[in-house]
Amino acid sequence: MQRYILGKKNQITVFSGVLIGIAFVSKLILNNLEIFTWSLVLASILGAAPIAIQAYQAMRVKVVSIDVLVTIAVLGAFLIRNFEESAIVTFLFLFGAYLELRTLNKTRSAIKELTEMAPESALKLIENGEFEEVEVDEVDVGDILLVKTGAKVPVDGRVISGEGHINEASITGESLPVTKTRDSGVYAGTILENGTIQIVADRVGEDTTFGKIIELVEEAQDSKSEAERFIDRFSKYYTPGVLVIAFIVWLFSKNIELAITILVLGCPGALVIGVPVSNVAGIGNGAKHGILLKGSEVIGDFSRLDTMVFDKTGTLTIGNPKVGEVEIYTDNEEEVLAYLASVERESDHPLGKAVIEHIGDTKYYDVEKTEVVKGGGIIAEVDGHRLAVGNMALMEEEDVKIGEKSYEDIKSLEEKGNSLVLTAVDGELKVLMGIKDQIRPGVKEDLQRLKRLGVKNLVVLSGDNQGTVDLVAKELGLTEAHGHMLPEDKSQYIKDLQAKGQIVAFVGDGVNDSPSLALAEIGIAMGSGTDVAIETSDVVLMNSDFSRLPHALGLTKATARNMRQNIVIAVGVVIILLLSVLFSDWMNMSIGMLVHEGSILAVILNGMRLLSYRLRY
Amino acid sequence: MKQATIQLETLTCPSCMLKIEGAVKSLDGIDVDSINVAFNSSRLKVNFDEDKISVEDIEAAIDKVGYEVKKSRVKAL
């Protein structure tokens, strides 16, 4: 019976609305007070039934819920034969609840879309050699699965046969399909656009990258800030408190009308719901744009950010140094470059790789008597010549002759922020190369956006020499640049900023900067290993896409603002209602309920605006 | 101790959470501190002692206060 009535809540709402309509038509047009009264009595009883059941269920577990307040208020109105009030209040309460459900679903839709992308079934190889469709929960590590065109990859695994193109947008945010052949890694939640593959499961369920992303978002949408926990504790005592106050008012004034009006006005609603609604909509917007925000605490901190600290290599720069400029001081260019390539081939120094990449196809010579000079370069014998490859310090040590023009070139390349590789053959400088790490395209514009969004300081910290770091800072318009920084220097730097009361975000590669990432209020890992990035970051950028940073910051600011607006709406409405019940004569139960439901809808609709938030400039 | 994750019907009203928490709290064998009713994901997470209570008992208690249980999963801790 209880269940039946609760299940028919929508029909009851409509019916009681119609009855109220009939009542007023008969009173105002037909002048028939009898129909008026009986319609309202019926509407009150109908409408009160589901509310009273909910109240009863709450009381049984010793909770004074809103339903309890409303039920008592309606009973009171009924007792003093104010059927107009009792009917309208129950109707508004039910109708309001219906609208809340609809609008709340909307604010939660963005996250729901994400979680619904989770694979549900898999084709698993069974004993007789055939593939059988099973639920994804039944797949274990080591199972062999078949993925057909158009299907979702059910788990993280490796391709063991077949070929195809996979759209990995759900993991990386990159919508260009990726070719997968034997031994390629595949990820749960990605879609096989063409081809057929068989895979072996490496990680299943919540352990998959997609599973982790979903878990993160689901936890984030319900994570609570200190303020929210306070509101929760407060509301536990607030509702019973309202009941007590109304009772005291009735005891002293003997005015039932006033007492039940207080019951309705005191209903909390907008206050409890306002902040979670902003939170879920903001996090949902982020998820749609490849930004995972780990909860409302992160939103609060990130929105009040003072300083953003960046690691240089791999964050602001691509992390893949390239030879930018070359000066040759010999007619025998081809042969000298071949010597150089032969020497560098034996080194795994990043600059060496850049040199080899630059020289390209060449003839290789045998290299003998190789000697690595720490902090200098390499000395070796090639084709009967003595080669010295390295920096200026090495050249000086080797007493290499450097001409007037070469000195000029060296100075100019250094000023442009190059790392230098000099090559001397038999004590004479033959080749000068300037190597630079390319700045990521678009980073400059993104940094300017961050500045416009109110980040006061943009700082770069790097292990590179100060000259190079200064140059990057100048080119990108950063406020501060510090070179020669070891990981522990970086975290000390962040500690110092925090000691000055600043809120700091650190953007790094997530591997060797983990102390700084952990220390900063907001850690953002740019590592290409999505797992590391997900675990260590407070804000996860899908595909380590730097360009999402400004949107992330703008979004957290908008979300934090939205939460504040909702708190103001909620508290403001309660204050206005209470003041008007004390100081005005137009306030009654129905208007109180209307305003109460209206304020709940107002905070939900306000939160919903966040779903369509876009960075404007 | 085991952890139950119970997916509920969509939660909309703020006092739902108090009601569900109240319903589960009073059961024997429940780790009261672990009760977490998530509003937006409409989900309850709770640790319980499998010798004293089963996940079905928890579901029944939630059902009794008027909320439908959609799906539940139990994980060893």
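FYI, it's all coordinate maths here, none of it is from the lab. All values derive from a computational prediction rather than experimental measurement. Glycine also receives a Cβ, built like all others from the backbone with ideal geometry; neighbour counts cover every protein chain displayed.
Summary of values
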| read-out | value |
| --- | --- |
| Using a Förster distance of 35 Å, the FRET efficiency for A:Thr149-A:Asn128 (Cβ separation, nearest 0.05) | 0.90 |
| Within the range A:291-308: backbone nitrogen closer than 11 Å to the A:Lys500 label point (7 Å, Cα to C-beta) | A:307 |
| Bridge type composition, the protein assembly as shown - antiparallel percent by DSSP, nearest 5 | 80 |
| Average Cα contact separation per residue, the range A:322-436, under 8 Å, 6 or more apart, as relative contact order % | 31 |
| Cα-based helix-to-principal-axis angle, B:14-25 vs chain B, degrees rounded to 10 | 20 |
| Potential extension, A:Ser580-A:Val200 segment - 0.36 nm per residue separation minus Cα distance | 130.0 nm |
| Between the range A:152-199 and the range A:542-585, the alpha-carbon center distance in angstrom | 41 |
| Selection from A:Val18, A:Ser412, A:Asn279 lying farthest towards where the dipole of chain A points positive, charges on Cβ | A:Val18 |
| Mean Kyte hydropathy of -1.0 or more with a Cα span along the axis of at least 30 Å, helices from DSSP in chain A | A:33-60, A:83-107, A:226-253, A:549-583 |
| Gyration tensor verdict on the range A:121-213 (Cα atoms; rounded if a/c is under 1.5, prolate if a/b is larger than b/c, oblate otherwise) | oblate |
| Overall form of the range A:322-436 per C-alpha gyration tensor (a/c, 1.5; a/b vs b/c) | rounded |
| Charge sum, other residues only, whose C-beta stays under 14 Å from A:Gly164's C-beta, Lys/Arg counted +1 and Asp/Glu -1 | +1 |
| Among A:Met392, A:Val249, A:Asn457 - extreme Cα towards positive end, dipole of chain A, charges at beta-carbon | A:Val249 |
| Net length gained if the chain between A:Arg182 and A:Asp366 were fully extended (0.36 nm per residue, minus Cα distance) | 62.6 nm |
| Sparse-neighbourhood loop sites, trypsin sites (Lys or Arg not before Pro) in the range A:168-234 - DSSP loop, at most 15 other Cβ within 10 angstrom | A:Arg182 |
| Theoretical ellipticity at 222 nm over chain A - DSSP helices of four or more residues, -39500 (n - 2.57) apiece, nearest 500 | -17000 deg cm²/dmol |
| Relative contact order (%) - chain A, alpha-carbon pairs under 8 angstrom, separation at least six | 15 |
| Order of A:Leu450, A:Leu40 - criterion: other Cβ atoms within 10 Å of each residue's Cβ, fewest first | A:Leu450, A:Leu40 |
| Ranked A:Arg548, A:Arg561, criterion: other C-beta atoms within 10 Å, fewest first | A:Arg561, A:Arg548 |
| Cα long-axis angle, helix B:55-64 against chain B (0 to 90 degrees, to the nearest 10) | 30 |
| Average beta-carbon neighbours from other chains, 10 Å sphere, peptide A:53-59 | 4 |
| The range A:92-149: GluC sites (Glu not before Pro) in DSSP loop, at most 14 other beta carbons within 10 Å | A:Glu116, A:Glu120, A:Glu127, A:Glu130 |
| Zone of A:Lys474's modelled label, taken as backbone nitrogen in the range A:411-426 under 18 Å from a point 7 Å along Cα→Cβ | A:411-420 |
| Test item: B:17-24 mean partner chain Cβ contacts at 10 Å | 6 |
| Local net charge near A:Gly142, Cβ-Cβ under 14 Å (Lys/Arg +1, Asp/Glu -1) | -3 |
| Peptide-level mean, for A:63-72, of C-beta atoms on other protein chains within 10 Å | 3 |
| Computed E for A:Arg233/A:His349 - FRET, C-beta separation, R0 41 angstrom, nearest 0.05 | 0.10 |
| The range A:1-84: relative contact order in percent, alpha carbon pairs under 8 Å with at least 6 residues between | 26 |
| Cβ-based net charge around A:Met59, under 11 Å, with every Lys or Arg adding one and every Asp or Glu removing one | +2 |
| Packing-based order for A:70-77, A:214-221, using average beta carbon neighbours within 10 Å, highest first | A:70-77, A:214-221 |
| Tensor-based shape of the range A:2-109 (alpha-carbon gyration tensor, a/c under 1.5 rounded, otherwise prolate or oblate) | oblate |
| Coil-residue chymotrypsin sites (Phe, Trp or Tyr not before Pro) of the range A:452-556, DSSP, other Cβ within 10 Å capped at 16 | none |
